[in-house]
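Derivation of every value follows stated rules applied to the coordinates shown; laboratory data play no part. Being a predicted model, the structure only gives us computed values, none of them experimental. When we count neighbours, we look across all protein chains shown, and the Cβ atoms used for this are built from the backbone with ideal geometry, even at glycine.
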Amino acid sequence: MKKIKLPVLGKNDKRPFFPADGLCPVCQTKFKGLDGIAYLCAGSILDSLKHKIDDNEFDAFFNIGYHGKDSAVRDSANADIVNELKSDQFDLSFCSLGCIRSFLNQVIDDLEEELEQNIATMEEEDNSKA
Ligand SMILES: [Zn+2]
């Protein structure tokens, strides 16, 4: 599987859609001609609109992470899937639910690795103080 660089969307993206090339980011299958597309869709919507709001007023985000017990958050890890995107909503598309699973597995695998390293570093720091 091709490694997907995070965040997949950010403040420089003009359109809130990933990928932009019409190819599944996991397996490179063309979306055109498929029976359907699996998606992760997220965003925020104001409950009551008092005035027209421009997309530039939003900073959309989508994180997956683990928050540990350490007060300095040294036993934690976070992945920014989408960061500071100027949109109230965004779509991440894949050719199948299986490819969403592969994508999420990749993110979680990386997070687990980062978390293990962070905890090991924290324990080294604490042991050197003792
Ligand atoms: Zn795919």
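Helix 97-129 and the longest principal axis of the Cα set of the chain meet at an angle near 20°. Since only Thr29, Asn127, Phe103 are under comparison, the one whose Cα sits farthest along the positive direction of the charge dipole of the chain, derived from C-beta charges on Lys, Arg, Asp and Glu, is Thr29. Label-to-label distance, Leu23 versus Ala120, with points set 7 angstrom from Cα along the beta-carbon direction: 3.4 nm. For segment 1-108, the set of trypsin sites (Lys or Arg not before Pro) satisfying both a DSSP loop assignment and a count of at most 13 other C-beta atoms within 10 Å is given as Lys2, Lys3, Lys5, Lys11, Lys14, Lys32, Lys50, Lys52, Lys69. The magnitude of the dipole of the chain, with charges of +1 and -1 set on the Cβ of Lys/Arg and Asp/Glu and taken from the Cα centre, is near 780 debye. For Ile64, nonlocal amide neighbours, meaning residues 5 or more places apart or on other chains whose placed amide H falls under 5 Å from its own, are Ala79, Ile81.
Counted over all Cα-Cα pairs of segment 2-130, pairs farther apart than 25 Å make up 41 percent. Distance between the modelled labels on Ser44 and Val107, one decimal in nanometres: 1.7 nm (7 Å Cα→Cβ projection). Between segment 5-65 and segment 91-130, how many Å separate their Cα centres? If you average the Cα positions of each part, the centres end up 22 Å apart.
Rounded to the nearest 5, the antiparallel percentage of DSSP beta bridges internal to the chain is 75%. Left without a cysteine partner by the 4.7 Å Cβ rule in the chain: Cys27, Cys41, Cys99. Considering only Ser93, Ser71, Ser102, the mean-square fluctuation computed in a Gaussian network model of the chain, springs between alpha carbons under 10 angstrom, is largest for Ser71. The gain in end-to-end length when the Lys2 to Asp88 segment is fully stretched comes to 28.1 nm, 0.36 nm per residue minus the alpha carbon separation. Taking the Cα centre of segment 1-72 as origin and assigning +1 to Lys and Arg Cβ atoms and -1 to Asp and Glu Cβ atoms, the resulting dipole is close to 320 debye.
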